[in-house]
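Heads up: the structure comes next, in structure tokens.
Laboratory data are not the source of any read-out in this text; all were calculated from the coordinates shown. This structure is a prediction, so every number in the text was calculated from the model and none was measured. We place every Cβ from the backbone using ideal geometry, glycine too, and count neighbours over all the protein chains shown.
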Amino acid sequence: MSVEALRCHALDLVERGATLLQRLQRPALHASAPRTVFVLLGGGSRGAAQAGALTALLEAGVVPDAIIGISAGSWNGAYLSVEPSAERARRLEALWLATTSHDIIGGPRWASAFSLVAKRRSLYGSAGMRRVAARYLAGLEFVDLAVPLRIVAADLISGRAHLFADGCVLDAVMASSALPGVFPPVVGGDELLADGGMAEWAGCLAALELGATRICLVACGAQRPSALKLRGVWQLIERSIDLAYRDNFNRSTFALRAAGVDVLPIFPETPACSLLDFDHAAELVEAGRAAAEEALSSAAAIAGPRCRSRWLRASPAPAPTPEVASAAPATTAASPAAQPA
């Protein structure tokens, strides 16, 4: 790596650290602020791998107090926020398994060439993507959710992140999933909103503003090197995107840990699968499950057997017996406000 590249990396980490310090010095939003936050990153069709990782986490007893959804992660986060349980996560896997590339993209792939020649804003329309999302998000409002949800999009005009926290969940998911050049951006007032993956660091900051002390940083992953087939322009572009995903994931993990946040990073190694290939969900789900299980095991191996247990929600203390209660001083201890599960 060149000296200039190292300098850029260092400046990026310093900037992230300074921003983190400013956020951490702010008072908590409220006394019952969530503590365990799932930050779900983007990755197109590999959102199926993230769904598998979420199932493994919930089956292990790791439950979010809030969720940040970015791009494909906004689909998973929106569905899970209704009821963050292992059973619902398994239903989320089933939704990915039932989704095909034709459902999302629509007509033949060659039609994208016409869009390119016609100088349209995107290669594909968003009608198919919206139909699929509406199957399980139609009519859902942020106020209906069991746990707080934030969805991140990026404004192509100002370059700033846009954070959705109220209103229609489906509209927020569509904006966060609008991959520039592939799907059309969403017009919102003076903003031109597109894929939240361009502003995913804002999702980490949103988690801190929600009071997170533990963050499950769950990526959609990248193709494992043994699965690479760099035979064409699109494969080379996707490989570049994969490398950027991994680098940004590592930077975010480093910056959050440097600020004292407990981070469980999960980055699935996926089989050969294009970001727009929705026909290999079964393999991706298994890759995501394996990545989450490995992350939990690795955390326990590094920090000891209690490391895994600290990610689990504490069970309520048993009520004292009448004999003990009568002998105890008459004091009332304040207990944390219960978070919906």
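Between Ala86 and Arg246, full extension at 0.36 nm per residue minus the direct alpha carbon distance yields a gain of 54.9 nm. Packing, taken as the mean count of other beta carbons within 10 Å per residue, orders the peptides 79-85, 203-209, 271-277, 44-50 from highest to lowest as 44-50, 203-209, 79-85, 271-277. A cut-off of 5 Å between modelled amide H atoms, ignoring neighbours fewer than 5 places along the same chain, links Val263 with Ile215. With a simple spin-label model that places each label point 7 Å from the Cα along the Cα-to-Cβ direction, the separation between Arg239 and Leu97 comes to 3.3 nm. When each of the peptides 239-251, 210-222 is scored by how many other beta carbons lie within 10 Å of its residues on average, the order from highest to lowest is 210-222, 239-251. Per-residue Karplus couplings for the range 124-130, computed as 6.51 cos²θ - 1.76 cosθ + 1.60 with θ equal to phi - 60°, are listed in order as 10, x, 9, 4, x, 4, 5 Hz, Gly and Pro entered as x.
Local charge for Ile266 was computed over the other residues whose Cβ lies under 10 Å away, with Lys and Arg +1 and Asp and Glu -1, and equals -2. Spin-label pair Ala258-Ser297: with each label point 7 Å from Cα along the Cα-Cβ axis, the two points sit 3.1 nm from one another.
Each residue of the range 212-219 is assigned a 3J(HN,Hα), and the resulting list reads 5, 10, 10, 10, 8, 8, 10, 8 Hz, derived from the Karplus form 6.51 cos²θ - 1.76 cosθ + 1.60 (θ = phi - 60°), x at Gly and Pro. In this structure, the amide hydrogen of Phe278, modeled 1.01 Å from its nitrogen in the peptide plane, lies closer than 5 angstrom to those of Ser101, counting only residues at least 5 positions away or on a different chain.
Can you compute 3J(HN,Hα) from phi for each residue in the range 281-296, using the Karplus curve 6.51 cos²θ - 1.76 cosθ + 1.60 with θ = phi - 60°, rounded to whole Hz and x for Gly and Pro? 3J(HN,Hα) across the range 281-296, in whole Hz: 4, 4, 5, 5, 4, 5, 5, x, 4, 4, 5, 5, 5, 5, 5, 5.
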